[in-house]
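Please treat every number below as a calculation from the coordinates, not as lab data. All of these numbers come straight from a predicted model, not from anything done at the bench. Because the Cβ atoms are built from the backbone with ideal geometry, glycine has one as well, and the counts that use them run over all protein chains shown.
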């Protein structure tokens, strides 16, 4: 299967994993990205990371430079869950070329959905999908660790990596809520890969918006509050960079929907390099005083990694949708039941329930989102209903059925046809 076909199929899977946010429900979520500096189990490093994470308290943590599944497990158990067992879990980890990305999340807040690998010539880009447990909205996080270095070939490779990312995000439906975060290794706003990240393309919304407007070269004192690397001015023997804080390598950028009008909204002004008080240009982050964090946390940032983590806040809440040119609230309660029997051959029944008079449609699709059958498409009064699907014209495989209310996809479920 070629790469364009993979993108098509994956975009269908993404489309089918959209969830509805229930009425009057909202939650503020903290997302963090952190380059862990070739993380492997180390008691001294674990102690530093433990303090940083416990103090910053992210709901979702995306990390770069983690080396193996064993290291993911150790970070989960001996860092994230050291003080509160079971607080965090990790998403599916893929061990690719060079160091890798991983995602961790609070289990009370989120449920992990998928990790889609987007290969490049160097490090893999990962798309992590997580559903918010209260609103049922899905956030897609693109974790990147772009090519390091400031030579022309380095910049060209970063552009190639970003073009691969944009080829993917341009396949997402309009108004999709997604974020790109990680270690970008970008030195200025004029670099071609940064410009490509922000560049809108006609007819799609695969571009990103930077919450900051920082024109020019970033490794200057005027941009000291935004720097994330390096936390040290001398070598600690762990391979980390030295020279003090003077580069804005670590970032979080948002899709148009997250910035402007999505159900998941970036909270303006909340993006911050954690622990950076703006007073440590070309200096170690723990040089006293640090006005952003206690001394113990500044020390932990210093010894843990040569990068500062970056955090941003997002509001998960219900939004109104436009149906036939008027604004309409989606019903605040609905049920789409699992089909029965499942697996089936070739007939199955699908039950559903609506609370108030609404326009309801139920479609059957494959994994690409191609619609095979429209089972329901009409205005329905409150009550419980059942419809029958006959798959005699389909081959064996996995299919989905999705329920729309007033034009908005509320839920989708998987069913299996056997022959």
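Pairing the Cα long axis of helix 3-16 with the longest principal axis of the chain, what angle in degrees results, from 0 to 90 and rounded to the nearest 10?
70
Nearest 10 degrees is fine. How inclined is helix 295-304 to the longest principal axis of the chain, computing both from alpha carbons?
Helix 295-304 sits at roughly 80 degrees to that axis.
Nearest-5 percent of antiparallel DSSP beta bridges in the chain?
On the way: 83 of 97 bridges.
So the antiparallel bridges in the chain amount to around 85 percent.
How many nm is it between the label spots at residue 279 and residue 380, if each spot is 7 Å from the Cα in line with the beta carbon?
6.2
Between residue 356 and residue 413, how high is the FRET efficiency from 1/(1 + (r/R0)^6) when r is the Cβ-Cβ distance and R₀ = 22 Å? Nearest 0.05.
0.50
Calculate the length of the line joining the C-alpha centroid of the stretch 127-192 to that of the stretch 52-91, in whole Å.
Going from one Cα centre to the other spans 22 Å.
Quick one: if the Förster radius is 51 Å, what FRET efficiency do residue 221 and residue 390 give, using the C-beta to C-beta distance and rounding to 0.05? Walk me through the intermediate numbers first.
Values: r = 70 Å, r/R0 = 1.37.
Efficiency, from the Cβ-Cβ distance: 0.15.
Report, to the nearest 10°, how far helix 152-169 tilts away from the longest principal axis of the Cα atoms in the chain, using its own Cα long axis and a range of 0 to 90°.
20
Of 155, 229, 338, which has the largest mean-square fluctuation in a 10 Å C-alpha GNM of the chain?
338
Bin by bin, in steps of 5 Å, what percent of the Cα pairs in the stretch 334-399 do you find, going until the bin that has the longest distance?
Distribution as computed: 4, 15, 27, 24, 16, 9, 4, 0 percent.
Kindly rank 371-377, 33-39, 132-138 from highest to lowest mean number of other beta carbons found within 10 Å of each residue.
My ranking of the peptides, most packed first, is 33-39, 132-138, 371-377.
Could you tell me the relative contact order of the stretch 72-190? Use alpha-carbon pairs under 8 Å, at least six residues apart, and round to a whole percent.
18
Using Cβ contacts closer than 10 Å as the measure, can you line up 385, 266 from fewest to most?
Lowest count first: 385, 266.
Sorted by packing (mean other beta-carbon atoms within 10 Å per residue), highest first, where do 162-175, 81-94, 100-113 land?
In descending order of packing, they fall as 100-113, 162-175, 81-94.
Pick from 267, 252, 202: which residue has the top mean-square fluctuation in a GNM of the chain where Cα pairs under 10 Å get a spring?
Evaluated over the chain, the most mobile residue of the options is 202.
Mind giving me the nanometre distance, one decimal, between the label points for residue 295 and residue 202, set 7 Å out from Cα along Cα→Cβ?
A separation of 6.2 nm, rounded to one decimal place.
7 Å from Cα along Cα→Cβ at both residue 260 and residue 345: what's the point-to-point distance in nm?
That separation, rounded to one decimal, is 5.0 nm.
When the Cα atoms of the stretch 228-277 are enclosed in a convex hull and the volume is divided per residue, what value in Å³ results?
Measuring per residue, one finds 101 Å³ for the Cα hull of the stretch 228-277.
Relative contact order for the stretch 216-319: what percent, with Cα pairs under 8 Å and sequence separation of 6 or more?
34
If R₀ is 22 angstrom, what is the calculated FRET efficiency for the pair residue 233 and residue 288, using the beta carbon separation as r and rounding to 0.05?
It comes out at approximately 0.95.
Need one word for the stretch 45-151: rounded, prolate or oblate. Basis is the Cα gyration tensor (sqrt eigenvalues a ≥ b ≥ c); a/c below 1.5 gives rounded, then a/b vs b/c decides.
Verdict is oblate for the stretch 45-151.
Below 8 Å between Cα atoms, with a sequence gap of 6+, how large is the relative contact order for the chain in percent?
Rounded, it is 16 percent for the chain.
Taking 0.36 nm per residue of sequence separation and subtracting the Cα-Cα distance, how much length would be gained by fully extending the chain between residue 107 and residue 89, in nm to one decimal?
Roughly 5.8 nm would be gained on extension.
Specify the residue with the greatest mean-square fluctuation among 120, 233, 387, computed from a Gaussian network of the chain linking alpha-carbon atoms under 10 Å apart.
Residue with maximal mean-square fluctuation among 120, 233, 387: 387.
Identify which of the listed values of Rg/Rh (Cα atoms, Kirkwood Rh) was calculated from the structure shown: [x] 1.01; [y] 0.96; [z] 0.94.
Here the calculated entry is [x].
With runs of 4+ DSSP H residues as the only contributors, calculate the mean residue ellipticity of the chain at 222 nm using -39,500 (n - 2.57) per run, divided by the residue total and rounded to the nearest 500. Walk me through the intermediate numbers first.
Working: 7 runs with 75 residues, N = 419.
Estimated from H runs of four or more residues: -5500 deg cm²/dmol.
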